[in-house]
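Notes follow the structure.
Just so you know, all these numbers are worked out from the coordinates, no wet-lab data involved. Worth saying up front: this structure is predicted, and the values here are computed from it rather than measured. Note that each Cβ is placed from the backbone with ideal geometry, even for glycine, and that neighbours are counted across all protein chains shown.
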Amino acid sequence: MKSLAELAAIRDKMKQNTTIREDGEKAIRIVVGMATCGIAAGARPVLNAITAELAKENINHVTVAQTGCIGRCTLEPIIDVIVPGEEPVTYVHVTPDKIPKIIKSHVINDVPVMEYTVAAYEN
Amino acid sequence: MMDELSLNILDIAQNSIAANARFIEIDVIENDDDNTLIIRVKDDGKGMSKELVETVENPFVTTRTTRKIGLGISFLKEAAELTGGTIELDSTPDVGTTITATFIKDNLDRQPIGDLTATIIALVTLNPSIDFNFTYTVNENEFNFNTKEIKTMLGDDTELNNPPIVQFLTGYVNEHIVNLNGESI
């Protein structure tokens, strides 16, 4: 069974990776709607998919945060991807299987996945 | 309604976060002798007045302007009462709030606990500055997970919600929970 003693090794390995990380990477924010409506619609597995994908892609310049109900409950789960200097992009009806594409395209390559956005949904 | 009780826990803990809690204690206690399942969320947030406590279980009487309360407590109350159980609110302004829901464990309408690991990890990931103490008890056995302890082990310059740390903690918590309740979650 896993023990917390393993944390030290993971931390030290992370520190090594951090030193070879390219400087100048800007912090990207991913904000997940975590009110009652978001949770009931499936925000929790979406959040866990985001964390898993960030770990898999070895991305550590992304902050994941939460927000409350923004009044668009029928569109939950909703996530915002906020790249510094750009307009925030709002993804709606997000499911865990959409997360790898959003991370690879938007977070890594700076190309929003238009078909998942609120703009595409409302057209 | 939520599909599983662990989602109710996540939702109730959001109220604690909105109430500016710095330390949130979550207990899940299964007791086969008493045939009960108890969920308790205790925080040190800003608390509620007596008047608010009396109205808060009603979804149509809320302090919507502050968004402190919503359907969350109503959902938990309904889930508990469906099984013949109860919900208890104890709150003191500037001290904190404790919500205790008691379920009749073997009642057919008792929803599954569900993915407790995902709930704990979601809370920890999204709120690195808040401390959580999670205790899962199944009869005489117990698993405790305290973020203060983990932060001490990591040291000051490593965030708890770094993806590799979160990945490890997910596996760690899940293994211990599955070990306790004997089920794959």
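Summary of values
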quantity: Lone cysteines, chain A (no partner Cβ under 4.7 Å); calculated: A:C69
quantity: Amide H partners (placed H, <5 Å) of A:A65, local residues excluded; calculated: A:I30, A:V31, A:V32
quantity: Acute angle (nearest 10 degrees) that the helix A:43-56 long axis makes with the longest principal axis of chain A, alpha-carbon atoms; calculated: 40
quantity: In Hz, Karplus ³J(HN,Hα) per residue of the stretch A:99-110 (6.51, -1.76, 1.60; θ = phi - 60°; x = Gly, Pro); calculated: 5, x, 5, 5, 5, 5, 7, 7, 6, 7, 9, 6
quantity: Sequence-distant residues sharing a close amide H with B:G85 (under 5 Å, placed H); calculated: B:I104
quantity: Debye, to nearest 20: dipole size of chain A, +1 on Lys, Arg Cβ, -1 on Asp, Glu Cβ; calculated: 460
quantity: Cα gyration tensor shape for the stretch B:63-144, rounded if a/c is under 1.5, else prolate or oblate; calculated: oblate
quantity: Per-residue ³J(HN,Hα) for the stretch A:60-74, Karplus 6.51 cos²θ - 1.76 cosθ + 1.60, θ = phi - 60°, Hz, x for Gly and Pro; calculated: 10, 10, 10, 9, 9, 9, 10, 9, x, 7, 9, x, 10, 4, 5
quantity: Whole-number percent relative contact order across chain B, with pairs defined as alpha carbons under 8 Å at least 6 apart; calculated: 24
quantity: Long-range lysine pairs (8 or more apart or interchain), the stretch B:5-181, Cα under 30 Å; calculated: 17
quantity: Cα gyration tensor category, rounded, prolate or oblate, for chain B with a/c compared to 1.5; calculated: oblate
quantity: Trypsin sites (Lys or Arg not before Pro) within the stretch A:63-118, DSSP loop, no more than 12 other Cβ atoms inside 10 Å; calculated: none
quantity: Cross-link reach list, lysines versus A:K101, counting only Cα pairs under 16 Å and skipping chain neighbours closer than eight places; calculated: A:K56
quantity: Global form of chain A, assessed from the alpha-carbon gyration tensor, a/c cut-off 1.5; calculated: oblate
quantity: Loop-exposed GluC sites (Glu not before Pro) per DSSP, neighbour cap 16 Cβ within 10 angstrom, longest uninterrupted part of chain A; calculated: A:87-123
quantity: Between 0 and 90°, nearest 10: helix A:7-19 axis offset from chain A longest Cα axis; calculated: 80
quantity: Sum of -39500 (n - 2.57) over DSSP H runs of 4+, divided by residues of the protein assembly as shown (222 nm, nearest 500); calculated: -10500 deg cm²/dmol
quantity: Whole-angstrom gap from the stretch B:114-129 to the stretch A:21-95, using each part's C-alpha centre; calculated: 15
quantity: Relative contact order (percent, whole number), the stretch A:24-122, Cα cutoff 8 Å, 6+ residue spacing; calculated: 32
quantity: Calculated from backbone phi, Karplus (6.51, -1.76, 1.60) coupling profile of the stretch B:20-28 in Hz, x at Gly/Pro; calculated: 6, 5, 9, 9, 10, 9, 10, 10, 10
quantity: Farthest toward positive dipole pole in the stretch A:24-122 [+1 Lys/Arg, -1 Asp/Glu at C-beta], among A:P84, A:H61, A:G38; calculated: A:G38
